[in-house]
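Asks: Before I ask anything, here is the structure I am working with.
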Amino acid sequence: MTAIGPEARPSLGRGFRLQWEPAQKAHVLLYPEGMVKLNGSAGEILKRCDGARTVGEIVNDLESTFATTGLANDVTAFMNVALEKRWLEIRE
């Protein structure tokens, strides 16, 4: 598998739904066989993966929102893992 590039437009994989769970105080990723409780960073990244924004735009938004820089490597590393787990897909 090739690494996700800055121009890719990731979206949630088919069959997955992201939602905030007040009882868990976290974002969760729901799918027919169960649920994955996400840490704060994963939730922030996945909620921006709408198929419209590029990876570069998502990184810029996260850096702006959290007043930091240098997130590109961590964000793309997480997205590559999420692609392997089919939580994300790149739709053409």
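Listed here are the residues, each with its yes/no results for (1) under 10 Å from the mean Cα position of the chain (by Cα); (2) at positive phi; (3) assigned to a strand (DSSP E or B).
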{"site": "Leu18", "(1), (2), (3)": "yes, no, yes"}
{"site": "Asn60", "(1), (2), (3)": "no, no, no"}
{"site": "Thr76", "(1), (2), (3)": "yes, no, no"}
{"site": "Asn80", "(1), (2), (3)": "yes, no, no"}
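Asks: Follow-up question, since we're still on this one. For the stretch 39-89, which residues satisfy the criterion of being closer than 18 Å to Val28 by Cα and basic (Lys, Arg)?
Replies: Residues satisfying the conditions are Lys47, Arg48, Lys85, Arg86.
Asks: In addition: Does at least one position in the stretch 74-92 carry a residue that is over 19 Å from Ala3 (Cα atoms) and surrounded by fewer than 11 Cβ atoms within 10 Å (Cβ to Cβ)?
Replies: No, there is no match, as no residue in the stretch 74-92 is over 19 Å from Ala3 (Cα atoms) and surrounded by fewer than 11 Cβ atoms within 10 Å (Cβ to Cβ).
Asks: Looking at the structure I just gave you, is Ala52 among the aliphatic types (A, V, I, L, M) and part of a helix (DSSP H, G or I)?
Replies: No, not satisfied.
Asks: While we're looking at this one, here's another question. Could you list, in sequence order, the residues of the stretch 50-70 that are under 23 Å from Trp20 (Cα atoms) and in contact with a helix residue (DSSP H, G or I) (Cβ under 7 Å, 6 or more places away or on another chain)?
Replies: Val55, Ile58, Val59, Leu62
Asks: Also, quick follow-up: Quick check on the stretch 19-36. Is at least one of its residues out of contact with any helix residue (DSSP H, G or I) (no Cβ under 9 Å at 6 or more places or on another chain), of a type in the set (A, V, I, L, M, F, W, C), exposed (fewer than 11 other Cβ atoms within 10 Å of the Cβ) and within 19 Å of Ala8 (Cα to Cα)?
Replies: no
Values quoted throughout were computed directly from the atomic coordinates according to the rules given, and no laboratory measurement underlies them. Predicted, not measured: the structure shown is a model, and the values here were computed from it. Note that we place each Cβ from the backbone using ideal geometry, even for glycine, and neighbour counts take in every protein chain shown.
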